[in-house]
Amino acid sequence: MSKTSPTIKLLTIAILANVSVIAVLVFFYFHIESARGNISSIIDENATRVEEERSINFVKDLVFDTESLRNNLDSRILTKDGIVGFLESVEGYASDVGVTVNIDNIAEEDIEGNKKFNFLVVQTSIEGSWYGVYSFLSFLELLPVGSYVSQARINRVNSGEENTSLLWEGDIKFRVLKYK
């Protein structure tokens, strides 16, 4: 039997201990790297969820903050049930300013690419004083609904009599935004 010196034994033990420590360190390194990858993916998922939650909260806040504006806009769009009342208010205003109004035609006009709204197209003929005709036309321009005058023709009526008050007549076509 050969005798190994204590130095060689200590060297062998030190080498085995170093190899064991290196093996343990390599094992922990790969284990930590794996855990770090898992943690990174969890952090990414969490960041995505936080961003989604922020977006949802932003939309909720936006919906809440704009509720009065949306209600105001909705009130400016004529409903299916509101057409008769709307036309009666137009005729009532004409009567208030001394204008005779005849509704000659009412039609619906689609808005290209829009499935929710269309236009109610109203053609009228009017007759009255200059002030009345002008006031009525201004009223149509300032209606509290989404509307605009698309055509207007106003002429002075020659009655042939000099002492009669001047009459004006006209044809007005206007569009009003309404729900389908």
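Read the figures in this text as sums done on the coordinates, not as results from a lab. As the structure is a computational prediction, the values presented were derived from the model and not from experiment. Cβ coordinates were reconstructed from backbone atoms using ideal geometry, including for glycine residues, and neighbour counts include every protein chain displayed.
Taking springs between alpha-carbon atoms closer than 10 angstrom, which of 34, 129, 68 fluctuates most in the Gaussian network model of the chain?
34
Taking Cα Rg over 2.2 N^0.38 Å as the quantity of interest, determine which of [x] 2.63; [y] 1.22; [z] 2.70 was computed from the displayed structure.
Among [x] 2.63; [y] 1.22; [z] 2.70, the one calculated here is [x].
Most mobile of 83, 22, 39 per a Gaussian network model of the chain (Cα springs, under 10 Å)?
22
Would you give the gap between the C-alpha center of segment 109-180 and the C-alpha center of segment 49-102, rounded to a whole Å?
The two parts, judged by their Cα centres, are 22 Å apart.
Can you compute the modelled spin-label distance between residue 112 and residue 81, with each label point 7 Å from Cα toward Cβ, in nm?
Rounded to a tenth, the inter-label distance reads 3.5 nm.
Could you name the lysines whose alpha carbon sits less than 24 Å from that of residue 178, not counting residues in the same chain fewer than 8 places away?
Within reach: 80, 115, 116.
How far apart, in nanometres, would the label points at residue 89 and residue 104 be if each is projected 7 angstrom from Cα along the Cα-to-Cβ direction?
Label-label distance for residue 89 and residue 104, simple model: 2.5 nm.
Specify which residue in the list 40, 72, 154 is farthest towards the positive end of the charge dipole of the chain, using unit charges on the beta carbon of Lys, Arg (+1) and Asp, Glu (-1), about the Cα centre.
Selected residue: 40.
Can you tell me the length gained on complete extension of the stretch residue 43 to residue 134, counting 0.36 nm per residue apart and subtracting the Cα distance?
26.0 nm
Given an 8 Å cut-off on Cα distances and at least 6 residues of separation, report the relative contact order of the chain as a percent.
Relative contact order comes out at 20 percent.
Identify which of 99, 121, 84 has the largest mean-square fluctuation in a Gaussian network model of the chain, with springs joining Cα atoms closer than 10 Å.
Fluctuation is largest for 84.
Pop out the ³J(HN,Hα) list for segment 137-143 in order, Karplus 6.51 cos²θ - 1.76 cosθ + 1.60 with θ = phi - 60°, rounded to Hz; leave Gly and Pro as x.
Per residue, the Karplus-derived 3J(HN,Hα) values read 5, 4, 4, 5, 5, 10, 4 Hz.
With unit charges on the beta carbons (Lys and Arg positive, Asp and Glu negative) and the dipole taken about the Cα centre of the chain, which residue among 103, 57, 84 sits farthest to the positive side?
It is 57.
At residue 55 and residue 156, where each label point lies 7 Å from the Cα along Cα→Cβ, what is the point-to-point distance in nanometres?
Label-label distance for residue 55 and residue 156, simple model: 6.5 nm.
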